[in-house]
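Reading through the structure tokens given below for one structure.
The values are calculated or read from the model by the stated rules, or taken from the named source; none is laboratory data. Predicted model, so just to flag it, every value in this text is computed and none were measured. Because the Cβ atoms are built from the backbone with ideal geometry, glycine has one as well, and the counts that use them run over all protein chains shown. SASA here: full protein model, heavy atoms, side chains in, ligands and nucleic acids out. Shrake-Rupley method; radii C 1.70, N 1.55, O 1.52, S 1.80 Å.
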Amino acid sequence: MPTYSFTLNGQSVTVDAPADLPLLWTLRDKLGVKGPKYGCGIDVCKACTSHLDGQAVNPCVVPTSEADGREVTTIEGLADGDRLHPVQEAWLEQDVAQCGYCQPGQIMAAVALLKRTKHPTDADIDAIENVCRCGSYFRIREAIKAAAAAM
Amino acid sequence: MSSSPSAGHSRRHFLTYLLATPTLAVAAALVDPPPVARAAVPTPPAPADVLDLGDVLILAAAPTANMITVAVGEDGRVGLALPREEVGQGITTAVAMLIADELDVPLDRVDVTLADARPELVFNQLTGGSNTIRSVYTPVRTAAAVARARLVAAAAARWGVPAGQVTVSGGVVIGPGGRTAGFGELSTAAASPSLKVGTATPKPASQQRLVGTPTSRRDARAMVTGRQAYTLDLDVAPGALPTMVRRPPTISGAVRSVDNEAAVRAMPGVVDLAVVETGVAVLAETFGQALDAKNALQVTWGPGTVDGEDDDSIREKLHAAALPFAAPGLLTQHVDAEFDFAFVSHAPMETNSAIADVRDGKAEIWAGLKSPIVAQETIAKDLGLPVSAVAVHVVQGGGSFGRRLFFDAALEAARISKKAGKPVKLMWSRIDDMRHGRARAASHHRIRATHAAGQVLTFEHRVASVETDFRHGLGEILTAMSASLPVGGNLSFAQTVFLTTVKSPYDFGITTQTLTEVPLQMHTGSWRSVYSANTRGAEEIVVDELAAAQRKDPYRFRREFLEDDRSRAVLDKVATEGQWGRPMPAGHAQGIAFHAEYQSCTACLVEIDATNPDRPRVTKATIAADVGRPVNPRGLESQLLGGLTDAIGTTLRAGLHIRDGLPLEGSYSQFHYTRQAESPRDVRVFVMPANGEPGGAGELGVPAAVGAIANAWARATGRKPRSFPLTFPVDFDPFPR
Ligand code: FES
Ligand code: FES
């Protein structure tokens with residue numbers, strides 16, 4: 001089995017995994033990083049959203065080999081120790097989460113959006129496809145706007 | 001006429017009254033319509049007005065209510081193991097608030113966890129019917145009041161002062177002369193059986209400080225940092241293998257033979273295979289490998305239970321099953337309407353999942369479970385083990401909407417673990433979750449309302465629905481409570497649930513709502529608001545059409561016919577705050593609707609942009625809710641927002657097509673649940689001030705929003721909304737079976 005090394009939430013890791021094993025399962029089943037969630041496995045629900053070199057990706061469809069030598073950030077790597085990322089803070093302020101299952105992905109998508117644009121429009125926010133089956137969309141929208149203002 | 005039994009009348013009294021009345025009233029009114037001079041034709045109370053499903057659940061839970069205990073530890077922390085399931089409703093936060101308020105302890109010193117299956121609780125460990133807060137409000141506060149009284153008594157004994165001179169504030173016990181003691185140091189003495197304690201009753205509402213205060217979720221930080229652990233995030237059964245199941249091409253088909261077992265066993269990462277009742281399980285090192293292997297399996301399947309069925313055949317059966325109307329349509333002015341609702345997947349974000357370790361004559365299970373006692377009993381029986389050998393742990397769930405009343409994954413995981421002789425972590429794929437998971441049953445609705453001279457004389461609603469499965473313990477509860485039920489005769493469980501949840505909130509004269517079920521062996525289950533989303537949603541559309549028939553404004557028409565002031569107040573609130581009647585551009589419109597259930601009521605006013613009639617968007621929503629006593633208004637707003645989002649999805653685009661005995665949809669790209677781009681950019685929720693005891697709130701938001709959205713769509717497009725979801729093409733290539 002091939003071996004891959006990459007930076008995961010600021011730490012370098014090395015893992016044996018089949019090249020085509022989706023990164024989601026390498027993270028969850030081999031490295032014990034459980035923040036990214038399975039919701040569909042085919043790049044539809046976006047529950048697994050994480051960052052590869054700072055860009056939002058869906059590790060359920062990224063082969064592990066593609067992470068080799070790169071930087072992977074999951075929800076666990078977003079805060080700086082106990083200091084939360086402003087987007088996480090905004091999520092707390094708006095009390096967004098219901099069941100919470102989609103929220104790691106929602107937050108990672110929002111962080112990526114705010115990286116691309118400091119002042120996201122409603123249309124930018126509409127373009128986030130992450131499913132929230134609990135229907136917390138309006139609070140997500142408010143939280144993204146609040147985070148943008150705070151940053 | 002009041003919609004709830006007033007204080008001073010015993011429920012027994014009302015039961016007697018109800019059982020004697022409606023049939024007689026029907027006959028009388030049809031022969032002799034009331035004179036037109038009457039303001040409105042009053043409607044006798046429906047069964048749900050007398051005793052709703054929530055009341056039944058509270059009564060069933062009452063004998064074991066004193067087994068819910070509050071514990072004070074030596075560390076000064078206060079704990080309660082809640083015999084309910086948290087799936088996002090915020091009940092652990094709300095219950096912690098009840099305890100903190102009663103004990104005068106800071107909220108962050110209260111721990112609310114989810115209790116394992118406790119068979120001794122009998123009927124007091126089922127999460128459903130919007131009933132958690134209603135059913136634990138008094139028991140939890142009483143338990144906390146007892147804890148407080150014991151702490152006070154222990155401090156009084158230690159200081160040798162009368163208990164009346166001891167108070168509790170900020171989590172500290174305070175005596176005369178500024179003496180203080182912490183909860184922790186008093187906990188042992190407070191637990192002593194010889195301690196003399198007076199009676200303890202919960203504080204009156206006027207002394208509640210936290211209850212009613214908007215409070216953020218206590219688990220929110222864990223959720224935004226990725227630390228919140230759902231079933232498959234747990235490391236509880238060392239060596240438990242990622243497991244997935246290959247399922248049949250039609251619902252409930254059984255495995256005849258596995259045709260390439262050796263080849264699949266040789267695939268990378270595959271550890272074991274096991275054939276169980278529901279399919280072929282693959283145990284592997286990772287879920288990715290289990291998924292590849294299960295897809296590679298070649299299996300010969302036996303027939304399923306509904307192989308010949310599709311949307312058309314099911315609709316035909318439903319139309320044939322709906323009962324005829326009692327009121328003649330020919331001689332009176334009337335509004336008739338028929339509606340069809342498709343199957344709807346629960347589709348919680350976390351698919352069915354469970355961890356099971358069945359070895360050495362015992363079993364241990366972890367899963368998100370709303371009826372863990374029934375799960376435990378069923379699994380024990382299935383495995384041939386005594387109940388005492390099966391431990392069932394309740395794990396916080398990633399959404400439910402009724403889904404986790406069933407324990408399909410827990411039972412399946414137990415069977416696989418037993419067969420393989422290894423602990424397993426079972427995950428259903430999303431495709432399987434939508435196709436072989438549970439769904440809200442499809443239904444057909446026939447409504448006739450007769451009216452004359454500005455009054456509504458009769459309102460009949462005939463519902464025909466594919467059978468809804470209630471075999472998660474509710475049936476047993478209803479059987480046990482049958483003597484108290486406000487319905488007589490030989491009703492099925494489903495009809496009993498229907499009659500104790502659905503009621504018309506209007507004085508529309510003689511009102512009858514009936515349910516007929518079409519038995520089809522499909523995987524169904526209660527879906528948020530059970531029958532009300534469809535039944536009351538359809539009725540709210542007819543209310544608009546009745547208003548039009550009488551040339552009245554839909555808001556004013558509702559106002560005129562609603563039964564009480566509480567109802568009118570929420571309706572007025574949305575009309576005012578949502579600017580009912582403001583001019584809208586072509587293709588845009590407002591819609592309004594009302595709903596009452598479980599002693600709560602709500603109104604919803606939406607605006608819709610239907611300039612593209614195939615892709616309408618709800619642009620704004622104004623919601624008001626009166627839940628009697630909101631414990632956590634912030635959490636309540638979340639629930640109403642969720643209900644609105646559910647209504648947008650299921651009214652406009654989200655449903656399941658059935659073809660050749662299987663749903664076609666297998667992902668959110670096919671089952672079009674609402675996304676951000678379809679959700680309104682402007683939502684306002686108003687929680688009415690407390691005026692009584694808590695009513696139900698978890699499901700309340702859906703039916704009124706369904707009605708409001710459909711009514712707005714009707715006004716914007718000039719079309720009658722009749723078949724749901726309104727836009728429902730097969731706009732995808734179905735996944736292979
Ligand atoms: S699990 Fe990755 S997009 Fe759904
Ligand atoms: S909070 Fe439950 S799915 Fe988004």
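Summary table below
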{"quantity": "Options A:PRO86, A:VAL44, B:LEU662, ranked by Cα towards positive dipole end of the protein assembly as shown, top entry (Cβ charges)", "calculated": "A:PRO86"}
{"quantity": "Amide H contacts of B:GLY655 (H built 1.01 Å from N, under 5 Å, at least 5 apart or other chain)", "calculated": "B:HIS672"}
{"quantity": "For B:670-679, mean number of other protein chain Cβ atoms within 10 Å", "calculated": "6"}
{"quantity": "Value of [θ]222 nm, deg cm²/dmol, for the protein assembly as shown, DSSP H segments ≥ 4, -39500 (n - 2.57) each, nearest 500", "calculated": "-9500 deg cm²/dmol"}
{"quantity": "Accessible area of the protein assembly as shown belonging to carbon and sulfur atoms, whole % at 1.4 Å probe", "calculated": "52 percent"}
{"quantity": "Cα pair distances of region A:3-77 binned at 10 Å [whole percent]", "calculated": "23, 62, 15"}
{"quantity": "By accessible area with a 1.4 Å probe, ligands and nucleic acids excluded, highest first: order of A:ARG139, B:ARG559, B:ARG471", "calculated": "B:ARG471, B:ARG559, A:ARG139"}
{"quantity": "Other-chain or far-sequence residues with amide H under 5 Å of B:THR516's (modelled H)", "calculated": "B:VAL463, B:ALA464, B:SER465"}
{"quantity": "³J(HN,Hα), Karplus 6.51/-1.76/1.60, whole Hz, each residue of region B:716-731, x for Gly, Pro", "calculated": "6, 9, x, 10, 8, x, 10, 10, 10, x, 5, 10, 8, x, 7, 9"}
{"quantity": "Accessible surface, the protein assembly as shown, averaged per residue in Å² (probe 1.4 Å)", "calculated": "35 Å²"}
{"quantity": "Positive-end residue of A:PHE6, A:LEU24, A:VAL62, charge dipole of region A:3-77 with Cβ unit charges", "calculated": "A:LEU24"}
{"quantity": "Exposure of B:ARG221 as accessible area (Å², to 10), given a probe of 1.4 Å and all protein chains", "calculated": "90 Å²"}
{"quantity": "24 Å Cα-Cα reach of B:LYS317 towards lysines, excluding residues that sit fewer than 8 places from it in its own chain", "calculated": "B:LYS720"}
{"quantity": "Only Lys, Arg (+1) and Asp, Glu (-1) charged, at Cβ; region A:3-77 dipole about Cα centre in debye", "calculated": "280 debye"}
{"quantity": "Long-range HN-HN contacts of B:LYS620 with modeled amide H, under 5 Å", "calculated": "B:GLU607"}
{"quantity": "³J(HN,Hα) computed for each position of region B:383-398 - Karplus, 6.51 cos²θ - 1.76 cosθ + 1.60, integer Hz, glycine/proline x", "calculated": "7, x, 10, x, 3, 5, 8, 10, 8, 10, 9, 8, 10, 3, x, x"}
{"quantity": "Computed over region A:86-150: relative contact order in percent, which uses C-alpha pairs under 8 Å that are six or more apart", "calculated": "54 percent"}
{"quantity": "Radius of gyration and Dmax over the Cα atoms of region B:279-408, both given in Å", "calculated": "22.3, 73"}
{"quantity": "Range in chain B, longest, excluding exposed GluC sites (Glu not before Pro) [loop by DSSP; at most 16 other beta-carbon atoms within 10 Å]", "calculated": "B:468-737"}
{"quantity": "Exercise: per-residue mean of other protein chain Cβ atoms within 10 Å, B:282-295", "calculated": "4"}
{"quantity": "Chain B - Rg (one decimal) and Dmax (whole number), Cα, Å", "calculated": "26.9, 84"}
{"quantity": "Taking region A:3-77 and dividing mean pair separation by its residue count, relative contact order in percent (alpha carbons under 8 Å, at least six apart)", "calculated": "41 percent"}
{"quantity": "Dipole moment magnitude, nearest 20 debye, region B:75-212 about Cα centre, only Lys, Arg, Asp, Glu C-beta charged", "calculated": "480 debye"}
{"quantity": "Packing-based order for B:351-358, B:428-435, using average beta carbon neighbours within 10 Å, highest first", "calculated": "B:351-358, B:428-435"}
{"quantity": "All-pairs Cα distance distribution in chain A, expressed in whole percent, bin size 10 Å", "calculated": "12, 42, 33, 12, 1"}
{"quantity": "For chain A, built as a Gaussian network whose Cα springs stay under 10 Å, the top-fluctuating residue of A:ILE125, A:ILE107, A:ILE42", "calculated": "A:ILE42"}
{"quantity": "Sequence-distant lysines (8 or more away, or on other chains) whose Cα lies within less than 26 Å of B:LYS425", "calculated": "A:LYS30, A:LYS34, A:LYS37, A:LYS46, B:LYS294, B:LYS362, B:LYS370, B:LYS381"}
{"quantity": "Candidate lysines - alpha carbon under 16 Å from B:LYS573, same-chain residues fewer than 8 apart omitted", "calculated": "B:LYS620"}
{"quantity": "Calculated P(r) of the protein assembly as shown - Cα pairs past 53 Å, %", "calculated": "14 percent"}
{"quantity": "Shielding of A:24-36 by partner chains, average beta-carbon count, 10 Å", "calculated": "4"}
{"quantity": "Per-residue ³J(HN,Hα) for region A:136-151, Karplus 6.51 cos²θ - 1.76 cosθ + 1.60, θ = phi - 60°, Hz, x for Gly and Pro", "calculated": "8, 3, 4, 5, 4, 4, 4, 5, 5, 5, 5, 5, 4, 5, 6, 7"}
